[in-house]
1. As an exercise: evaluate LEU84 against (1) among the hydrophobic types (A, V, I, L, M, F, W, C); (2) crowded, with 16+ Cβ neighbours inside 10 Å; (3) farther than 23 Å from VAL58 by Cβ and give the number of the one condition it does not meet.
2. List the strands (runs of 3 or more DSSP E) inside segment 1-85, counting only whole elements, that have at least 1 residues being touching a Gly at 6+ places or on another chain (Cβ under 9 Å), over 18 Å from GLY99 (Cβ atoms) and modelled with pLDDT under 95.
3. Give just the number: which of (1) at pLDDT 90 or above; (2) outside any helix (DSSP H, G or I) does LEU174 not satisfy?
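The values are calculated or read from the model by the stated rules, or taken from the named source; none is laboratory data. This one's a predicted model, so the numbers in the text were calculated from it and none came from an experiment. Positions of Cβ are generated from backbone atoms using ideal geometry, with glycine treated the same way; all protein chains shown enter the neighbour counts.
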Amino acid sequence: MKSAVALLCFAVPLVSVTAVSAAGAASVVLSRASGAAGTPVTATYSAPGCGGGAAATVAFSLDSIAGHQFGSTILNPSTCTAILTFPVSGSPGAHQIFGYVPNSGAPVASAPFTILGAPPATATPVSTPTPTPTPTPTPTPTRTPTPSATPAAQSSTLLGSLLVPILIAIILLLLIALVVLLVLLRRRRSDGQGTPPPGSPPPEAPPPPGA
């Protein structure tokens, strides 16, 4: 009885391995063919006709099954596929990402992947200073100099300003002279009426009072 149980336990993994091994050519399909280190990549391992046996573990590695291991997942027996997303890592250059069933004779498949180097440092753009437009100078209006009065104009202006007072003074002098002349004529006339002309008899004396 114990021998039968041991034989049965040995037969189960053997069926699983045999089912995957009997599958057709396996393949690995990547979600992208290149990317920098750390870029997430989704790898799909397919083993058509896996036979729907017990689920097997599928691992993914870099360049060989002994290379850097990205991780593992379970093969879906109904679809015969195993899908795993992982960040790719490795040195820049061309590589192969492998999909395989560890410790079995199942078919191994791989797909090319190029790990890109770090992008070159972006040069800081040098900002070109925007030229400041030179303001158009506003022409300063030229002040027309006020012509200075010439000596002749100044003298004529002075004479013009003195002419009116001079005329007023002359008129006043004439009026004064006329008044003086009239006074002298009146005085002479009054003197001529009281003095008899020469050669005339003296005037009679007035009669005494009471005569």
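1. (3)
2. Details: elements: 27-30, 34-36, 40-46, 57-62, 69-74.
The strands (runs of 3 or more DSSP E) meeting that bar are 34-36.
3. (2)
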